[in-house]
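The values are calculated or read from the model by the stated rules, or taken from the named source; none is laboratory data. All values reported here derive from a predicted model rather than from experimental measurement. Heads up, the Cβs are rebuilt from the backbone with ideal geometry, glycines too, and the neighbour counts pull from every protein chain shown. Heavy atoms of the whole protein, side chains included, go into the accessibility calculation; ligands, DNA and RNA do not. Shrake-Rupley method; radii C 1.70, N 1.55, O 1.52, S 1.80 Å.
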Amino acid sequence: MTRVAAVDLGTNSTRLLVADVEDGKIVDVARETHVTRLGEGVDQRRRLLPVPVTRVRNVLTDYRRTLESLGAERTLAIATSAIRDAENGESFLGEIEWSYGFATQLLSGHDEALMMFRGVTAERELDAGTVIVDVGGGSTELVAGEPDGVRWHDSLDIGSVRLTERFLRSDPPTKDELDACADAVRALLAERVPDELRSGTRSAVGVAGTITSIAALALGLKEYDRDRVHGFELTAEALEEQLRRLASVPLEERRGMRPLDPDRAPVIVAGAVIVRKALAFFGLDALEISE
């Protein structure tokens, strides 16, 4: 048995998983997630900014203490959209290797989509005509899966942080801002998703913090419970209800909605718009939530 760790350096969140691996089986030891907004300002300035970098480094310092206390033998830090887009992204990864002793790997959007598919299908088989939707802070990955593997995949530059900064500047966002955000999502989906895939999709699976947070809100949970969220069917009607609820109130009120992480509140509306438009685009009335 080997105890290892993975760090996900996302555009909105920095996540840690410590796990024991034996004969290809993974057993969770510890999980942590912190909203760090590493991608703040990257869409416009194409650089990782000092304040978000400091937030991430502070979390990584805490994670390294956790890793040492749990005896993880090695750690791999995976970088995604924000670091892909930033001119100083690779130098930041070099700093992480030097400061924390983590190995690092920068994923392409397509790598990210395929890795997400592996996670979703680790303990299950997909039905034919299933699309997996992964809404991140900087990008959204789509994978069309079949029982025997991946049929099609793509990575789109629409994410909760990116679209919030581009479109949702009012507090709360105006109808015109929400419509412009939705139109941008719809246009990119229409441009990138093949017609035969769109018409052949029968079901959807949703992953990542935006989608799991909306599911927890729809469930009416007081505290986040990943066991109740995993496998939950979020209907289009419930998604629309939560989007209206989130978009109708100022940020400070959204921060107080439980079990939503207060630090996710600034970008959850744009994330919900992406999920809603993706479901509508594929003509689906629900999606299954996967942790």
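In table form, for the structure just shown:
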| read-out | value |
| --- | --- |
| Pairs where the first residue, in region 176-187, is free of Cβ contacts under 8 Å to residues at least 24 places away in the same chain and the second is part of a helix (DSSP H, G or I) and aromatic (Phe, Trp, Tyr), C-beta under 6 Å, 6+ apart | Glu177/Phe167; Ala180/Phe167 |
| Candidate set: region 107-127, residues that are aliphatic (A, V, I, L, M) and open to solvent by 60 Å² or more (accessible area, probe 1.4 Å); chosen: the one modelled with the lowest pLDDT | Ala122 |
| Among the candidates Glu241, Glu177, residue that is farther than 22 Å from Glu112 by Cα and in contact with a Phe, Trp or Tyr (Cβ under 6 Å, 6 or more places away or on another chain) | Glu177 |
| Among the residues listed as Gly231, Gly209, the single one being closer than 15 Å to Val35 by Cβ and within 18 Å of the chain's Cα centre (by Cα) | Gly209 |
| Exclusive hit being open to solvent by 20 Å² or more (accessible area, probe 1.4 Å), more than 14 Å from Val207 (Cα to Cα) and touching a Ser or Thr at 6+ places or on another chain (Cβ under 7 Å), set Asp157, Asp148 | Asp157 |
| Residue that is of a type outside the set (Lys, Arg), within 21 Å of the chain's Cα centre (by Cα), open to solvent by less than 30 Å² (accessible area, probe 1.4 Å) and more than 21 Å from Leu163 (Cβ to Cβ), where the choices are Leu48, Leu93, Leu76 | Leu93 |
| Cβ pairs under 7 Å, 6+ apart, first in region 39-54 and under 19 Å from Ile96 (Cα atoms) and touching a residue at least 12 places away in the same chain (Cβ under 8 Å), second of a type in the set (Lys, Arg) and open to solvent by less than 70 Å² (accessible area, probe 1.4 Å) | Pro52/Arg37 |
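Okay, residues lined up against (1) assigned to a loop (DSSP other than H, G, I, E, B); (2) open to solvent by 50 Å² or more (accessible area, probe 1.4 Å); (3) within 24 Å of Val42 (Cα to Cα); (4) touching a Ser or Thr at 6+ places or on another chain (Cβ under 9 Å):
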site	(1), (2), (3), (4)
Asp179	no, yes, yes, no
Asp183	no, yes, yes, no
Val205	no, no, no, yes
Asp227	no, yes, no, no
Leu234	no, no, no, no
Leu239	no, no, no, no
Arg276	no, yes, no, no
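The rows are residues; the columns are (1) more than 20 Å from Gly136 (Cβ to Cβ); (2) open to solvent by less than 10 Å² (accessible area, probe 1.4 Å); (3) touching a residue at least 40 places away in the same chain (Cβ under 8 Å); (4) in a helix (DSSP H, G or I).
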residue	(1), (2), (3), (4)
Glu223	yes, no, no, no
Arg245	yes, no, no, yes
Val249	yes, no, yes, no
Glu253	yes, no, no, yes
Met257	yes, no, yes, no
Pro266	no, no, yes, no
Val269	no, yes, yes, yes
Val273	no, yes, yes, yes
Glu288	no, no, yes, no
